[in-house]
Amino acid sequence: MAARVAVLSDAVSHDSIFPIWHRYYGGLFGFENLFLITYAGKAAPFRDVKLGGLIELPMGYEDSLRQAVISRFVSALLPCYETVIRVDIDEFLVVDPRVAPSLAGFVNDMKGPYITARGFDVIQLYQEPSLPEKLDGPLLENRAFAYPNTALNKTCIVKHPVTWSTGFHWSTVYPKFGPVFMLHMKRIDINWQIAWSAKMFESVKDNPTVNQAIKD
């Protein structure tokens, strides 16, 4: 019998990368097992999306709030699920195909309380075409390069409660690497990244809990 696996993330925008995240993890683990946290005034575009749960926080985006709420929500999900996957909307986990045929197969047979993924930034080279605003095809079809980034080595598949730091780069457990890789897509397309930056600034510019240095 397949293990019950929940996938949890948070988002401020419904366009660009979110539909791909939704399609990818929903296809692996079932859309009813996807959980999304969003922020004050941002929930409306997600209400018609098939999810296991949507939580709108009563305040705007802020890193410390995000870290605390998501750490607690992972703990709350674990009594109902054998495993919880916690990733950002632009983070896609893949498994070494020599070890398992899919991420779902690996997680189903995973031994141990957690796994730390090795992170890579997927980038757009200057000669590679821009991606359309709404991408229906394979995400990596026109991208050939990624570089390792130790800041993206994240503990992201857990069977027991974990508390993360802001940004989810560190946690209360030591890293435990396995055959799982995190492909970070923030830089996969320069136009997507510019649009993402504008949306993030819009979401924090009037938020008094975000300090001015971060806004700048």
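Pairs only if they're at least six apart or on different chains, beta carbon under 9 angstrom, first in region 8-37 and touching a residue at least 40 places away in the same chain (Cβ under 8 Å), second open to solvent by 50 Å² or more (accessible area, probe 1.4 Å) and in a strand (DSSP E or B); list them, first residue then second.
Pairs found: 10/55; 35/54; 35/55.
How about region 35-75: which of its residues are among the polar types (S, T, N, Q) and open to solvent by 40 Å² or more (accessible area, probe 1.4 Å)? Break it down into steps so the answer makes sense when it comes.
The initial filter retains those residues of region 35-75 that are among the polar types (S, T, N, Q), namely 38, 64, 67, 71, 75.
Listed by number, the residues that qualify are 64, 75.
Determine, yes or no, whether residue 144 is aliphatic (A, V, I, L, M) and touching a His at 6+ places or on another chain (Cβ under 8 Å).
Values: aliphatic (A, V, I, L, M): yes; touching a His at 6+ places or on another chain (Cβ under 8 Å): no.
For residue 144, the condition - aliphatic (A, V, I, L, M) and touching a His at 6+ places or on another chain (Cβ under 8 Å) - is not met.
What are the residues in region 162-177 that are out of contact with any Gly (no Cβ under 8 Å at 6 or more places or on another chain) and either surrounded by 18 or more Cβ atoms within 10 Å (Cβ to Cβ) or assigned to a loop (DSSP other than H, G, I, E, B) (or both), if any? Working first, answer last.
Of region 162-177, the ones out of contact with any Gly (no Cβ under 8 Å at 6 or more places or on another chain) are 162-175, 177.
Hits for region 162-177 are 162, 163, 164, 165, 168, 169, 170, 171, 172, 173, 174, 175.
In the set 44, 40, 11, which member is under 21 Å from residue 183 (Cα atoms) and among the small types (Gly, Ala, Ser)? Even if it seems obvious, please write down each step before you answer.
On the way: 44 fails: under 21 Å from residue 183 (Cα atoms); 40 fails: under 21 Å from residue 183 (Cα atoms).
Answer to the check: 11.
If only one of 135, 131, 139 is touching a residue at least 24 places away in the same chain (Cβ under 8 Å), assigned to a loop (DSSP other than H, G, I, E, B) and within 17 Å of the chain's Cα centre (by Cα), which one is it? If you could, list the steps in order and put the result at the bottom.
Details: 135 fails: within 17 Å of the chain's Cα centre (by Cα); 131 fails: within 17 Å of the chain's Cα centre (by Cα).
Among 135, 131, 139, only 139 is touching a residue at least 24 places away in the same chain (Cβ under 8 Å), assigned to a loop (DSSP other than H, G, I, E, B) and within 17 Å of the chain's Cα centre (by Cα).
Of the residues 64, 71, 75, which is out of contact with any strand residue (DSSP E or B) (no Cβ under 6 Å at 6 or more places or on another chain), over 17 Å from residue 12 (Cβ atoms) and touching a residue at least 60 places away in the same chain (Cβ under 8 Å)?
Numbers: 64 fails: over 17 Å from residue 12 (Cβ atoms); 71 fails: out of contact with any strand residue (DSSP E or B) (no Cβ under 6 Å at 6 or more places or on another chain).
The unique qualifying residue is 75.
Could you check region 1-34 and list, in sequence order, the residues that are farther than 20 Å from residue 201 by Cα, small (Gly, Ala, Ser) and surrounded by 18 or more Cβ atoms within 10 Å (Cβ to Cβ)? It would help to see each step written out before you state the result.
Let us first name the residues in region 1-34 that are farther than 20 Å from residue 201 by Cα, namely 1-8, 19-34.
Then keep just the ones that are small (Gly, Ala, Ser); that gives 2-3, 6, 26-27, 30.
6, 26 - these are the residues of region 1-34 that are farther than 20 Å from residue 201 by Cα, small (Gly, Ala, Ser) and surrounded by 18 or more Cβ atoms within 10 Å (Cβ to Cβ).
Just a yes or no: is a residue in region 144-153 in contact with a strand residue (DSSP E or B) (Cβ under 8 Å, 6 or more places away or on another chain) and of a type in the set (Gly, Ala, Ser)?
Yes; the residues of region 144-153 include at least one that is in contact with a strand residue (DSSP E or B) (Cβ under 8 Å, 6 or more places away or on another chain) and of a type in the set (Gly, Ala, Ser).
Quick one: in region 105-128, which of the residues that are without any contact (Cβ under 8 Å) to a residue 24 or more places away in the chain and open to solvent by 80 Å² or more (accessible area, probe 1.4 Å) is farthest from the chain's Cα centre (by Cα)? Full working, then the answer.
Of the residues in region 105-128, the ones without any contact (Cβ under 8 Å) to a residue 24 or more places away in the chain are 105, 109, 111, 125-128.
So of that shortlist, the ones also open to solvent by 80 Å² or more (accessible area, probe 1.4 Å) come out as 109, 111, 126-127.
Numbers: 109: 22, 111: 22, 126: 26, 127: 28 Å.
Only one residue tops the list, namely 127.
Which of the residues that make up region 203-216 are assigned to a helix (DSSP H, G or I) and open to solvent by less than 100 Å² (accessible area, probe 1.4 Å)?
203, 204, 213, 215
Exactly one condition in (1) at pLDDT below 90; (2) in a strand (DSSP E or B) is false for residue 180; which is it?
Of the numbered conditions (1) at pLDDT below 90; (2) in a strand (DSSP E or B), the odd one out for residue 180 is (1).
Could you give me the residue pairs with C-beta distances under 7 Å whose first residue belongs to region 161-173 and is at positive phi, whose second residue is open to solvent by 40 Å² or more (accessible area, probe 1.4 Å) wherever it lies, and which are 6+ apart or on separate chains?
167/63
The values are calculated or read from the model by the stated rules, or taken from the named source; none is laboratory data. Please read these numbers as outputs of a predicted model, since none were measured by experiment. Methodologically, a virtual Cβ is constructed for each residue, glycine included, from the backbone with ideal geometry; neighbour enumeration extends over all protein chains shown. What goes into the accessible areas is simple: the full protein's heavy atoms, side chains included, and nothing from ligands, DNA or RNA. Shrake-Rupley method; radii C 1.70, N 1.55, O 1.52, S 1.80 Å.
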